[in-house]
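Colleague: Sharing a structure below in structure tokens format, with a few things to ask.
Just so it is clear, none of the values below were taken in a lab; they were calculated from the coordinates. Please read these numbers as outputs of a predicted model, since none were measured by experiment. Please note: Cβ atoms are built from the backbone with ideal geometry, for glycine as well, and neighbour counts cover all protein chains shown.
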Amino acid sequence: MFDTTHFPKAKTYWHMGKFYDWSSAHLHPMSHALHYGSSVFEGIRAYPTPRGPAIFRLKEHIDRFLHSAAAAKMKVPYPRREIVSIIKQTLLKNRLQSAYIRPLLFFAYGNLGLVPKHCPVEMLVATWEWGAYLGEKSANGVCVCLVPWRRVHYSQLDMRAKLGGIYVQSTICGLEARQRGCDEAVFMNIEGNIAEGPGENIFIYRNGVLKTNDKTESILEGITRTSILEIARDNGIKTKVGPIKKEEFFRADEAFFTGTAVEVVAITRILDSSNPKAKDKKYTLGNGKPGPVTGRLRDIFMAVVRGKVKKYDKWLTYVRG
Ligand code: PMP
């Protein structure tokens, strides 16, 4: 019934203490999270290394998972070390070298109504092989659409948490961008600055400085973002953290997305649809191809996650210990 066309190599998933065949399902349709988005999740990747599969920055992902659960007022049914062990077991059971890992906590079946008084918090972990998030062609750079909807503001909800329901904004705007012929959306924040993509952070490179924004600009400070900042500094690239004005983005020499799913992908074209009352405007960054700084950072990042740069071995958790 549930095929794996879009979940390559997925064999089994874990739910509340048991592994289930990927094609089987047993959740009730009246589960709270299905109706109200009352879930929190993580997106983690594992890569093949000379010492077998390794999970990239697992500690930071689990820290964020637990932070998200607290933000959602969820009591987590498993301690940290058990969550780590379940993730490793799920990778091993699926015999995956290269994987996307999705842990989820959600208010399950109990009662309906916004307050999940009688709904237990349940956890699941799924994993499969997920290639290029924005498609194979994204290696040549992507076109983004600056959408009219502003990113949920950090004063409205804890935007450092990965709250399922918040992602409905990402889904709607991601669809909107694709309807307008682009590969992905970009949000401005309430202040009118560039915020982030639906599931990605943004960097720009301009006049010899690499710049990204932070949580005060209503973004999720991604783990890939933090890693890229450290890698850039270690490699002598000048960095700055601060608000990104719309015009800075349009006039950047280079720009790129970062994220666990997307990894590092160049933004080469922008469609400014941010003002519904004005005509859309198009911009090309640099010569319309991924720039040298983006390429260099991407190459180093991909070497780091594959265990090829000793200095960053501290970021890897080897699945087989
Ligand atoms: N922003 C949002 C809204 C995201 O969902 C993600 C993906 N987790 C990111 C940024 C990038 O974060 P990370 O590098 O930790 O995956």
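Colleague: Hey, with R₀ at 45 Å, roughly what FRET efficiency would Tyr78 and Glu191 work out to, going by the Cβ-Cβ distance, to 0.05? Please list the in-between numbers first.
Modeller: On the way: r = 39 Å, r/R0 = 0.86.
About 0.70, to the nearest 0.05.
Colleague: On to the next question. Please give the contour-minus-distance gain from Ala139 to Arg160: 0.36 nm per residue of separation, less the Cα-Cα distance, rounded to one decimal in nm. The partial results should precede the final answer.
Modeller: On the way: separation 21, 0.36 × 21 = 7.56 nm, distance 2.81 nm.
Answer, rounded to one decimal: 4.7 nm.
Colleague: How high is the relative contact order of the stretch 259-321, in percent, counting Cα pairs under 8 Å that sit 6 or more residues apart? Each step should come with its number before you reach the end.
Modeller: On the way: 46 pairs, mean separation 16.8, N = 63.
Contact order relative to length: 27 percent.
Colleague: Okay, next question. Please give me, ordered by residue number, the chymotrypsin sites (Phe, Trp or Tyr not before Pro) of the stretch 174-278 that lie in loop per DSSP and have at most 10 other Cβ atoms within 10 Å. Display every interim value, and only then the final one.
Modeller: Details: sites: Phe187, Phe203, Tyr205, Phe249, Phe250, Phe256, Phe257; in loops: none.
Taking the stretch 174-278 and a limit of 10 other Cβ atoms within 10 Å, no loop chymotrypsin sites (Phe, Trp or Tyr not before Pro) are found.
Colleague: Straight-line reach from Lys308: which aspartates and glutamates fall under 12 Å, measuring Cα to Cα and dropping same-chain residues less than 8 apart?
Modeller: Filter leaves Asp299.
Colleague: Need the C-alpha centroid separation for the stretch 159-201 versus the stretch 23-49, integer Å.
Modeller: Their Cα centres are 20 Å away from one another.
Colleague: Still on this structure, I have one more. Using the basic label-point model (7 angstrom from Cα toward the beta carbon), what is the Phe2 to Gln97 distance in nanometres?
Modeller: Between Phe2 and Gln97, the simple spin-label model gives 2.7 nm.
Colleague: In nanometres, what is the gap between the two model label sites at Ala132 and Gln89, each 7 Å from Cα along Cα-to-Cβ?
Modeller: 3.7 nm
Colleague: Counting only residues 5 or more places away or on other chains, whose amide H sits under 5 Å from the amide H of Ile244 once H atoms are built in the peptide plane?
Modeller: Hits under the 5 Å cutoff: Ile194.
Colleague: Among the lysines, select those whose C-alpha is under 18 Å from the C-alpha of Lys162, and discard any that sit fewer than 8 residues away in the same chain.
Modeller: Within the straight-line limit of under 18 Å, Lys162 reaches these lysines: Lys59, Lys73, Lys75, Lys215.
Colleague: Shape call for the stretch 109-213 from the C-alpha gyration tensor, a ≥ b ≥ c root eigenvalues: rounded (a/c under 1.5), prolate (a/b greater than b/c) or oblate?
Modeller: Cα axes put the stretch 109-213 in the prolate bin.
Colleague: Explain nothing, just the number: relative contact order of the chain, from Cα pairs under 8 Å at least 6 residues apart, as a whole percent.
Modeller: Relative contact order, the chain: 19 percent.
Colleague: A further question on this structure: The stretch 1-100: which trypsin sites (Lys or Arg not before Pro) are DSSP loop and have at most 12 other beta-carbon atoms within 10 angstrom?
Modeller: Sparse-neighbourhood loop trypsin sites (Lys or Arg not before Pro): Lys73, Lys75, Arg95.
Colleague: Okay, moving on. Just to check I understand the Karplus step: with θ = phi - 60° and J = 6.51 cos²θ - 1.76 cosθ + 1.60, what whole-Hz values come out for the stretch 188-195, glycine and proline as x?
Modeller: Values per residue, Gly and Pro as x: 8, 9, 4, 6, x, 8, 6, 9 Hz.
Colleague: If I histogram all Cα-Cα distances within the stretch 226-321 using bins 5 Å wide from 0, what percent of pairs lands in each bin?
Modeller: It works out to 2, 11, 19, 20, 18, 11, 8, 5, 3, 2, 0, 0, in whole percents.
Colleague: Starting from the Cα-Cα distance between Ala25 and His67, subtract it from 0.36 nm times their residue separation and give me the gain in nm to one decimal.
Modeller: Value of the extension gain: 12.3 nm.
Colleague: Measure of size requested: the Rg and Dmax of the chain, with Cα atoms as the atom set and Å as the unit; please supply both.
Modeller: 19.8, 57
Colleague: Answer rounded, prolate or oblate for the stretch 82-157, using the Cα gyration tensor with square roots of eigenvalues a ≥ b ≥ c: rounded when a/c is under 1.5, else prolate when a/b is larger than b/c, else oblate.
Modeller: It is oblate, given that a/c is not under 1.5 and a/b is not larger than b/c.
Colleague: Please go through the stretch 108-148 and write out the GluC sites (Glu not before Pro) that DSSP classes as loop and that have at most 11 other C-beta atoms within 10 Å.
Modeller: In loop regions of the stretch 108-148 (DSSP not H, G, I, E or B), there are no sparsely surrounded GluC sites (Glu not before Pro).
Colleague: Could you tell me which of rounded, prolate or oblate describes the stretch 146-266, using a ≥ b ≥ c as the square roots of the eigenvalues of the alpha-carbon gyration tensor, with rounded for a/c under 1.5 and, failing that, prolate when a/b is larger than b/c and oblate otherwise?
Modeller: It is prolate, given that a/c is not under 1.5 and a/b is the larger ratio.
Colleague: Have a look at the DSSP beta bridges in the chain and tell me what percent are antiparallel, nearest 5.
Modeller: Roughly 80 percent of the beta bridges in the chain run antiparallel, per DSSP.
Colleague: With the crude spin-label approximation of a point 7 Å out along Cα→Cβ, what separation in nm comes out for Thr216 versus His153?
Modeller: For the pair Thr216/His153, the computed spacing is 1.6 nm.
Colleague: How long are the three semi-axes of the equivalent ellipsoid of the stretch 1-93, in whole Å, if each is the root of 5 times an eigenvalue of the C-alpha gyration tensor, listed from largest down?
Modeller: On the way: eigenvalues 104, 86, 29 Å².
Its equivalent ellipsoid spans semi-axes of 23, 21, 12 Å.
Colleague: How much length is gained on full extension from Asn207 to Thr284, taking 0.36 nm per residue of separation minus their Cα-Cα distance?
Modeller: Result: 26.1 nm gained on full extension.
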